[in-house]
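*Asks:* Mind having a look at this structure? Questions to follow.
The values are calculated or read from the model by the stated rules, or taken from the named source; none is laboratory data. In this text the structure is predicted, and so the values were computed from the model without any measurement. Cβ sites come from the backbone with ideal geometry, for glycine too, and all protein chains shown count toward neighbours.
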Amino acid sequence: MSKENDEFIDNVTLCIDIGGHSVRSILYDSHCNSLASFSETIDTQRPQKNRVEHSAGQLLESLTMTLHRAIDFSHGHGLKIKCAGLATQRSSIVAWDETTGQALSPVLSWQDTRGRKWLERLKIESNYIKQVTGLVLSPHYGANKIRWCLHNLENVKTALKQNRLKVGPLASFIIASITELDAVVVDVGNASRTLLWNYRKNTWDKTLLQMFNIEQSILPVVVDTRYNFGQLRLDKTIPLKLVVGDQPAAIYAIGQVARNRLYINMGSGAFILRLSEDKDPESPLLTSVLLRDKEQVILAREGTVNGVANALSWLQASTGGKKPIFYKALVDTVSSPGYFLNGVGGLASPWWDAGFESRFVDCDSFEEKTLAVYESILFMLLENYYAMQIKSLPEAIVLSGGLSVDARFNQSLANLFGLTTYGFADVEATARGVARLLSQSSPGQLLSGESVFEQAVCFSPRKDRLLESRFQNWREQMLKQIRESHDT
C-alpha cells in the first residue's frame, strides 16, 4: 500500500457538530474532505412564550447514535480515527449532576429569553458588562439561564446543597458525557458566551458572578480551544482534542482566514463576523472570543440576526404548516412583497430588543410574506455590517450555512453590500471548520495552505436600486416599530 493511502487511512478526524435542529458526526480525511456523515434530528420544545428548550437526554441519545455509526463505519472501512473535535451552539446551557452525570435541566437554547424581565434590573451595569465580556446585556446569553435554573428547578437546588451541581455551556455537559475526563472543563469560546467571562483578564469575573448570584465552584474550568479533553467513552483510542463554538468554527471552513473578509454563516440564526483586535465597548455589536491557544486570543467583531431558518419555520407554523418557497422562486414573481419586521428569537444586534414583536407590513399572500422574511434577513445583515464601524473596508464576503445554497439570495446579498461574495456547495461549514482546525498545529493561527476558492461560486455585486429602496423603506418601518415598542 502506498504512503499516500496510509496517510488517508491513519489521519481521519471525527468532527461533531451540535446544532439547533440536529447533531452530526462527520469523518474527514487528511485533506478535510468528507468521507461519511451521520446525523440525527433533535426536537425543540417551546413550552411557553420566550422558552426554547431541547431534551438533554434526547440530545445525548442522538449524539451517541451518530458516534456509534461513525466509529462503526471507520472500523468497517479500515480507517483509523486519530482524534475528534466538537462544535456546539455557544449560548445554550444545561445543569447536571456531577456524580451521576444525569442532566438536571433541559438544554436552554441560545434562543431562549425567559429571563428578560429580571435582567432589566441590571441595565445600570450594562456598560461594565460590555467592557469586560464584549457582550451586551441580553437574555440570550448563559448567565441569566443559569440563574433561572438555580432559582426555579428543585433538583438543581438540591444538587447545589449537596455539592453535586455543575452547570455551564452545552459544550461542558457534552465533554463530561462522552469522554472519560475527570475534570469538568469548557473551552474559552463557549465560556465567553455566558456573560460571566472576563475576556480581558481571561477569568470568570467575580463582580458578574455576584450580580447573578452564581458560585464559581459550579462552573467548569476554562481551558484553551485545543486541549486534552479526554478519550471518547465509545472508543478509548479516540481523544477529543478540540472544542469550539459553532460560529468560530464556521469561519475556518474554507481553510483560509483573512482580516479583510466578512464571514456570514446562516443557520437557525445568521452571524456576521470579521477578525478584529478592536475592543470598542461603545459598539452595538459584540467583541467575540473565537479561539485561544498558548500564544494568543483570536477576537472578532460580530453581529447577530436571530431570525433566519427559525423565522422560516415560524412562518410555516403560523400559516398552517405551509412550507416556504425558496427565495429564487419568489424574487421575480412577487411584485409587492411588503415588509417583515423580524423579531423571531428576539431582536439582536444592532438594536437589542428581546421583547420585540414580529409583524408583517402590507403583506397579504403567503408568497408575499415569504419573500418579506427573506428580505428581512438580507436587510438585518446589512444593518449589522453598517454597525461594524471598522476603519478598513472588507474586500469580500464568504458565505456558509443552509441559506447560502440559494444562488439568487447570494447575488442579492452581494448587490446590497456592494462586495464580491463567495458561496460554497458544501454547507457543513461548522464541521469542516473543526476538521481544518484539527489539521493545524495551533488553532489560533490564521490558516493558509490549500486554497479552496476555486470551488466557490463568485457573485459580483450589481446595482439594484429597487432592493436598496426597499431596504430604506424597511429600515424606516423597523425604527418606527422599535420606538413604539420602547414607548410601551
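*Asks:* Please go through the range 394-424 and give me each residue that is within 20 Å of the chain's Cα centre (by Cα), among the hydrophobic types (A, V, I, L, M, F, W, C), more than 23 Å from SER469 (Cβ to Cβ) and outside any helix (DSSP H, G or I), ordered by number.
*Replies:* Correct list: VAL398, LEU399, PHE424.
*Asks:* Do we find that LEU181 is surrounded by fewer than 24 Cβ atoms within 10 Å (Cβ to Cβ) and not in a loop (DSSP other than H, G, I, E, B) in this structure? First the steps, then the outcome.
*Replies:* Details: surrounded by fewer than 24 Cβ atoms within 10 Å (Cβ to Cβ): yes; not in a loop (DSSP other than H, G, I, E, B): no.
Answer is no for this residue.
*Asks:* Might you let me know whether the range 319-342 holds any residue that is of a type in the set (A, V, I, L, M) and closer than 24 Å to PRO248 by Cα?
*Replies:* no
*Asks:* Could you check the range 357-393 and list, in sequence order, the residues that are among the hydroxyl-bearing types (Ser, Thr, Tyr), closer than 18 Å to GLN316 by Cβ and assigned to a helix (DSSP H, G or I)?
*Replies:* Once the filter is applied, which keeps residues that are among the hydroxyl-bearing types (Ser, Thr, Tyr), closer than 18 Å to GLN316 by Cβ and assigned to a helix (DSSP H, G or I), the range 357-393 yields THR370, TYR374, SER376.
*Asks:* In the range 228-242, is there at least one residue being more than 24 Å from ASN11 (Cβ to Cβ) and either in contact with a strand residue (DSSP E or B) (Cβ under 9 Å, 6 or more places away or on another chain) or at pLDDT 95 or above (or both)?
*Replies:* Looking for residues that are more than 24 Å from ASN11 (Cβ to Cβ) and either in contact with a strand residue (DSSP E or B) (Cβ under 9 Å, 6 or more places away or on another chain) or at pLDDT 95 or above (or both), one finds none in the range 228-242, hence no.
*Asks:* Could you please let me know if GLU282 is surrounded by fewer than 20 Cβ atoms within 10 Å (Cβ to Cβ) and acidic (Asp, Glu)?
*Replies:* Considered against the rule, which asks whether it is surrounded by fewer than 20 Cβ atoms within 10 Å (Cβ to Cβ) and acidic (Asp, Glu), GLU282 comes out as yes.
*Asks:* Return a yes/no flag: does the range 304-320 have any residue that is surrounded by 13 or more Cβ atoms within 10 Å (Cβ to Cβ), touching a residue at least 40 places away in the same chain (Cβ under 8 Å), in a strand (DSSP E or B) and not charged (D, E, K, R).
*Replies:* Within the range 304-320, one or more residues are surrounded by 13 or more Cβ atoms within 10 Å (Cβ to Cβ), touching a residue at least 40 places away in the same chain (Cβ under 8 Å), in a strand (DSSP E or B) and not charged (D, E, K, R).
*Asks:* Specify which of the listed residues (LEU275, LEU285) is in contact with a Lys or Arg (Cβ under 7 Å, 6 or more places away or on another chain), under 23 Å from LEU122 (Cβ atoms) and among the aliphatic types (A, V, I, L, M). Give the derivation first.
*Replies:* Numbers: LEU275 fails: under 23 Å from LEU122 (Cβ atoms).
So the residue among LEU275, LEU285 that is in contact with a Lys or Arg (Cβ under 7 Å, 6 or more places away or on another chain), under 23 Å from LEU122 (Cβ atoms) and among the aliphatic types (A, V, I, L, M) is LEU285.
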